[in-house]
């Protein structure tokens, strides 16, 4: 099925040495919080920039975004190659939306976010629309940072035949990323050497097929199916669940997907008691009142 990551097309039991550099944290622009969920998230630069669990001072994700390619002539990273806008869809439920349109005019990615108020899960509904003719491929790039650091994370995967979960762990913290329609391909690697983005930049193809990358700055990559017809929109739901073991994290994420994105987006209005008064909007975004705060990104 795969292998520990080492080098392109080579089956070996050892992983490559992880890069020596320390990653920088993303700059946060828009923040969301709920009262019952133990998950908070921030948005910046067209991406999901951080996810916090189980408290607002413990980041577990550095970034989660998408790459788009036609498999032969170009590869885009949405934080770098799109025109981006963000809006608060429903202040009662703290549902945010990012709309990223390719600078080339080829495609548009619309992402809607909510934290599941009943589980430790961040949910993302992803809609991909082709604006110009082409053969498009869509890849999620998940850059974890468990326990406020990317240096000692382990990436793995479980499942098969389109039902794969991408897993990360460090110590007692575990996370699982799943997709409602499954991933076509997946791979795990070390940033800058054996990760999916490095592979895509090389030849616009995901050739790597690595099961695990252990104890380093890792990146997890998964391909989602998209419809190539101009004007046709393909929709997926991604769930990033947290728990005390790989199995529990995957179960949490899959339960949120099974509950349905629309139900999770509506639930905080009644279940979480979100406050949206002007006084709340001026308070800290991670306060117990469950406020939302929109601020410009630092320059």
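The values are calculated or read from the model by the stated rules, or taken from the named source; none is laboratory data. Not measured: the values here are computed from a predicted model. Methodologically, a virtual Cβ is constructed for each residue, glycine included, from the backbone with ideal geometry; neighbour enumeration extends over all protein chains shown.
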One residue is enough: does the stretch 80-87 have a residue meeting the conditions surrounded by fewer than 24 Cβ atoms within 10 Å (Cβ to Cβ), within 14 Å of residue 175 (Cβ to Cβ) and either in contact (Cβ under 8 Å) with a residue 12 or more places away in the chain or in contact with a helix residue (DSSP H, G or I) (Cβ under 7 Å, 6 or more places away or on another chain) (or both)?
no
Residues of the stretch 172-184 being assigned to a strand (DSSP E or B) and more than 19 Å from residue 59 (Cα to Cα), which ones?
178, 179
Go through the stretch 228-247 residue by residue and tally those that are under 10 Å from residue 128 (Cα atoms) and either under 21 Å from the mean Cα position of the chain (by Cα) or not in a loop (DSSP other than H, G, I, E, B) (or both).
4
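In this structure, does residue 236 turn out to be farther than 20 Å from residue 159 by Cα, in contact (Cβ under 8 Å) with a residue 40 or more places away in the chain and either buried (at least 21 other Cβ atoms within 10 Å of the Cβ) or in contact with a strand residue (DSSP E or B) (Cβ under 9 Å, 6 or more places away or on another chain) (or both)?
Details: farther than 20 Å from residue 159 by Cα: no; in contact (Cβ under 8 Å) with a residue 40 or more places away in the chain: yes; either buried (at least 21 other Cβ atoms within 10 Å of the Cβ) or in contact with a strand residue (DSSP E or B) (Cβ under 9 Å, 6 or more places away or on another chain) (or both): yes.
No: the conditions fail for residue 236.
For the stretch 116-154, enumerate the residues that are part of a strand (DSSP E or B) and over 25 Å from residue 226 (Cα atoms). Reasoning before the result, please.
Of the residues in the stretch 116-154, the ones part of a strand (DSSP E or B) are 121-130, 137-144, 153-154.
Listed by number, the residues that qualify are 153, 154.
Is one or more of the residues making up the stretch 125-133 at pLDDT 95 or above, over 19 Å from the mean Cα position of the chain (by Cα) and surrounded by 17 or more Cβ atoms within 10 Å (Cβ to Cβ)? Full working, then the answer.
First pass over the stretch 125-133, keeping only residues at pLDDT 95 or above: 125-133.
Narrowing the set further to residues that are over 19 Å from the mean Cα position of the chain (by Cα) leaves 130-133.
When the remaining residues are screened for being surrounded by 17 or more Cβ atoms within 10 Å (Cβ to Cβ), the result is 130.
Yes, there is a match, as at least one residue in the stretch 125-133 is at pLDDT 95 or above, over 19 Å from the mean Cα position of the chain (by Cα) and surrounded by 17 or more Cβ atoms within 10 Å (Cβ to Cβ).
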Given the structure, is residue 215 outside any loop (DSSP other than H, G, I, E, B), farther than 26 Å from residue 59 by Cβ and either in contact with a strand residue (DSSP E or B) (Cβ under 9 Å, 6 or more places away or on another chain) or free of Cβ contacts under 8 Å to residues at least 60 places away in the same chain (or both)?
no
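Among residues belonging to the stretch 17-39 that are at pLDDT below 90 and under 19 Å from residue 252 (Cα atoms), point out the one that is surrounded by the fewest Cβ atoms within 10 Å (Cβ to Cβ).
First, pick out the residues of the stretch 17-39 that are at pLDDT below 90: 17-38.
Next, from what is left, pick out any that are under 19 Å from residue 252 (Cα atoms): 33-38.
Numbers: 33: 26, 34: 23, 35: 18, 36: 15, 37: 25, 38: 17.
Only one residue fits best here, namely 36.
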I'm trying to understand the selection: among the residues of the stretch 158-179, which are surrounded by fewer than 23 Cβ atoms within 10 Å (Cβ to Cβ), out of contact with any helix residue (DSSP H, G or I) (no Cβ under 8 Å at 6 or more places or on another chain) and at pLDDT 95 or above?
159, 164, 172
Could we say that residue 210 is at negative phi and surrounded by 24 or more Cβ atoms within 10 Å (Cβ to Cβ) here?
yes
Do you know which of the residues in the stretch 88-115 that are part of a loop (DSSP other than H, G, I, E, B) and touching a residue at least 60 places away in the same chain (Cβ under 8 Å) is surrounded by the fewest Cβ atoms within 10 Å (Cβ to Cβ)?
92
From the list 187, 194, 169, pick out the single residue that is under 20 Å from residue 54 (Cα atoms) and either touching a residue at least 60 places away in the same chain (Cβ under 8 Å) or in a strand (DSSP E or B) (or both).
169
